[in-house]
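Below is one structure; the comments refer to it alone.
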2 protein chains.
Amino acid sequence: VSGALSIRHRIEVEYNGTPFAGWQRQENANSVQHVIEDAGAQLSGGKTHCYGAGRTDAGVHALAMTAHIDLAKPMDSWAVLNGLNALARPHPVAILNAAPVDEDFHARFSCTERRYVYRLIRRRAPLALEAKRLWQIPYDLDAKAMGKAAQHLVGHHDFTTFRSVQCQSKSPVKSISEILVTEDGPVIEVRIRAQSFLHNQVRSIVGTLERVGAGRWQSGDVKDALEAKDRSRCGPVAPAHGLYFEKAIYDAG
Amino acid sequence: VSGALSIRHRIEVEYNGTPFAGWQRQENANSVQHVIEDAGAQLSGGKTHCYGAGRTDAGVHALAMTAHIDLAKPMDSWAVLNGLNALARPHPVAILNAAPVDEDFHARFSCTERRYVYRLIRRRAPLALEAKRLWQIPYDLDAKAMGKAAQHLVGHHDFTTFRSVQCQSKSPVKSISEILVTEDGPVIEVRIRAQSFLHNQVRSIVGTLERVGAGRWQSGDVKDALEAKDRSRCGPVAPAHGLYFEKAIYDAG
C-alpha cells in the first residue's frame, strides 16, 4: 500500500458469488461491480468506475479478482483499501489490497493470464458447512482419469464445443496453458490457466471431465467432442457455485 | 450403514452453528437438537429424542458431532440417514452416517474423548468467503509461542481460571490430553483433546493463547493464570464462530 495520491487504483477482490447476479453491473440485480462502484462513489464523493480482469457469472466466487477503480478524486491506497472495505459491508466483498496505477493499466486489457479453480466434492450427505461452495457429486469420481482426459484440451484449439451459445467472442479459438486435476480426500480441484476464456468455457470443460471421472465418457470421447466443434457434443455444464476466479496475471507488472 | 431395524441409532452430524442458539433444545430459539428431533419425529411418526456427545454454544460449528437418536419405531439406518437429511432441510445440518446401536450406548455418557479445533486467521481485509468461520485477527500472531505456552495447560489441573462463571460442572478439575497449534499460511489451528471439558474452557484457553501470540502475554503468564485458579486472570474469551466440535471418541466401540 503506497501513500501516493491517485485517481486509478489496482485492487484485488475476494467475493462470495452466492448473492450476486455476477460481477457485471446490471439493471435490477445486485452485482459485485455495483457494490464496489457504489462504495467508491461514497468514498470519493462522485462517479466511480470499476473494471475487473474477468466477468464472472451469477454464483461464481473469486479468491482474488484483479480490478482497477477510477475514483472521483485522487486518494491514497490505504484510504481506498479501508474505505471500500468499510463501505462494501455487509456484502460478501473484500478488498485484499490496493495500489496506485497509471492510466495505461487496465485490469481487463492488460491481463496476460487468468486462472480459475473449480472444486468438486464426492459425498452423499448434504453440505452443512460448505453449501454453495463446491459441486457435490453423490458417487465416486476417478480424478486421475479426469486429469488425463483434460490434456486433450490443453493448447491452441477451436473450443466451439466448450462455449455457451450466448458467447459473444468473435473467435472460438483459445489457448489453454494448463489443466491440473488434484484430489485431497473427497475434494477434487481442477485448475485451468489461459490468457482468456470463452463464456462458460471452464464450466463446460469441468462438466465434461466429470463425465470422464464418473466412467461414463472415455478420455478419447473428450478429444472427439473437441474436434467435432459442435456445442451439442459438450457434457453438461458444471454449476456456477463450484467455480472460483483464482488470480489474474499481468506480465508487464 | 446396516439393514438391521433399531429404535436407537448412532449418528454423526456436521453443522454450521451460525443460525443456531446452540446444540441444545430451548424455548423460543432454534437449535441443532430441535432440528434433528423434529426430523426424527416426522420420519418415525412419533416422539423422538436425540443426545449429543457435547452441547455446543450458539455459533459453534461441528465437523462431526456424535449423537444418538431414539425413534418412535424401529427403522433401518439407511432410511434414518436419508430421511433425517431430507427432513432437516433447509437447515445447515447434515447427517454424515448412521448405525444401529444398543440401548447401552449413550452419545454423552459413553464418550471417552472429545476433540475440538479452533481456527484463527491473521488478516486485515474482511472475510468474504469465510465469514463467521474463523476468528479474524488484524495483526500478526506467533503460533510457535502459542503452542509452547499451551503446554502449561496439558495434564490434570484445576481449570477454575478457564471456565465460565455459569459452568455447572461440580468440579473445576479436568485432564487435557493434548493441545496442538499448527499454522498454514495466515490460518492458525488449535486442536484440544480431553475426556470432557468445562463450559467455555476451549474458548477461554484460545483467547488466552491469542494474547501470547500477540506478544502481550509471556508463556509463564499462562502458567501463573492457571495456578491462580481465578476466573478474572483468564484472557478474553475467544468468539464462538472460530470453534468446531471435531470428533467424539468411544473406546468401547
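Here is how the numbers come out for the structure above:
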{"quantity": "Looking only at segment B:68-83, and only at residues there that are open to solvent by 40 Å² or more (accessible area, probe 1.4 Å) and not in a helix (DSSP H, G or I), the one that is nearest to B:LEU96 (Cα to Cα)", "calculated": "B:ASP76"}
{"quantity": "Residue satisfying condition, being small (Gly, Ala, Ser) and open to solvent by 20 Å² or more (accessible area, probe 1.4 Å), within set B:SER204, B:SER171", "calculated": "B:SER171"}
{"quantity": "Tally, over segment B:1-55, of residues that are part of a loop (DSSP other than H, G, I, E, B), closer than 25 Å to B:SER169 by Cα and touching a helix residue (DSSP H, G or I) at 6+ places or on another chain (Cβ under 8 Å)", "calculated": "5"}
{"quantity": "Unique residue being open to solvent by 30 Å² or more (accessible area, probe 1.4 Å), touching a residue at least 12 places away in the same chain (Cβ under 8 Å) and on the phi > 0 side of the Ramachandran plot when the list is B:GLY3, B:GLY45, B:GLY22, B:GLY59", "calculated": "B:GLY45"}
{"quantity": "Residues of segment A:136-157 that turn out to be open to solvent by 40 Å² or more (accessible area, probe 1.4 Å) and not in a loop (DSSP other than H, G, I, E, B), as a count", "calculated": "7"}
{"quantity": "Pair list, Cβ under 6 Å, 6 or more apart: segment A:85-97 residue within 15 Å of A:HIS61 (Cβ to Cβ) and more than 7 Å from every other protein chain (Cβ to nearest Cβ), other residue part of a helix (DSSP H, G or I) and open to solvent by less than 60 Å² (accessible area, probe 1.4 Å)", "calculated": "A:HIS91/A:VAL35"}
{"quantity": "Some residue of segment A:162-172 being touching a helix residue (DSSP H, G or I) at 6+ places or on another chain (Cβ under 8 Å), on the phi > 0 side of the Ramachandran plot and not basic (Lys, Arg)", "calculated": "no"}
{"quantity": "Segment B:31-42 - residue that is touching a residue at least 12 places away in the same chain (Cβ under 8 Å) and more than 22 Å from B:LEU198 (Cβ to Cβ) and, of those, most open to solvent (accessible area, probe 1.4 Å)", "calculated": "B:GLN42"}
{"quantity": "Lone unmet requirement of (1) open to solvent by 50 Å² or more (accessible area, probe 1.4 Å); (2) at pLDDT 95 or above for A:GLN166", "calculated": "(2)"}
{"quantity": "Of all residues making up segment A:93-132, the number that are within 17 Å of A:ALA238 (Cβ to Cβ) and in contact with a helix residue (DSSP H, G or I) (Cβ under 7 Å, 6 or more places away or on another chain)", "calculated": "5"}
{"quantity": "Residues of segment A:100-142 satisfying the condition of being in contact with a strand residue (DSSP E or B) (Cβ under 8 Å, 6 or more places away or on another chain), touching a residue at least 60 places away in the same chain (Cβ under 8 Å) and within 14 Å of chain B (Cβ to nearest Cβ)", "calculated": "A:VAL117, A:ARG119, A:ILE121, A:ARG122, A:ARG123, A:ARG133, A:LEU134"}
{"quantity": "Matching entry among B:LEU243, B:LEU226 (being at pLDDT 95 or above, under 19 Å from B:ARG114 (Cβ atoms) and not charged (D, E, K, R))", "calculated": "B:LEU243"}
{"quantity": "Qualifying residue in segment A:123-130 (condition: open to solvent by 60 Å² or more (accessible area, probe 1.4 Å) and not aliphatic (A, V, I, L, M))", "calculated": "yes"}
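The values are calculated or read from the model by the stated rules, or taken from the named source; none is laboratory data. Keep in mind the model is a prediction, meaning the values are calculated, not measured. Cβ atoms come from the backbone with ideal geometry, glycine included; neighbour counts cover every protein chain shown. Only protein heavy atoms, including side chains, enter the accessible area calculation; ligands, DNA and RNA are left aside. Shrake-Rupley method; radii C 1.70, N 1.55, O 1.52, S 1.80 Å.
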